[in-house]
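Following: one structure in structure tokens, then a few remarks.
All of the numbers you see were taken from the coordinates with simple rules; none came from a lab. Computed from a predicted structure; not experimentally measured. Because the Cβ atoms are built from the backbone with ideal geometry, glycine has one as well, and the counts that use them run over all protein chains shown.
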Amino acid sequence: MPLEGSFELVYEDGNGAWSARRLEARELKLGPGRTLIGGIDRGRGGYRGFRVDRIRRLTDGATGQRVEAGILDLLLARAEVQRRERAARARRLRTRGRPDPRRAA
């Protein structure tokens, strides 16, 4: 599902090494047993996917909110809010210029 935002991650790789990453998120990939957040890794360049279960701390670049538990729940909720906003924007664009049926005389 699409996900937008700028995040700072503290990530633990498969070998147990921790690193700090800055990510411009593009999507949240839900799969059996694994969820990935994908986007542009600003420090290393290029598109990367990070397993959400290996993110030890997530900081929202826009709000400064810092989360160490419930990271998946936060990302799912944010993706859902963004989905609703996109749907509402698309509805407004489709109805732009059409007469309002509630104002019919």
To the nearest 20 debye, the chain has a Cα-centred charge dipole, built from +1 on Lys and Arg Cβ and -1 on Asp and Glu Cβ, of 760
Once the piece of chain linking Glu24 and Arg66 is laid out straight, how much longer is it, given 0.36 nm per residue of separation minus the C-alpha distance between them? 13.5 nm
Using a Gaussian network for the chain with springs between C-alpha atoms less than 10 Å apart, which of these wobbles most: Gly46, Gly33, Gly61? Gly33
Report the local net charge at Asp13: Lys and Arg +1, Asp and Glu -1, summed over other residues whose C-beta lies under 10 Å from its C-beta. +1
With each pseudo-label sitting 7 Å past Cα toward Cβ, what's the Arg91-Asp53 distance in nm, one decimal? 3.7
Quick one: length gained pulling Asn15 to Arg44 fully straight, 0.36 nm per residue minus the C-alpha distance? 8.6 nm
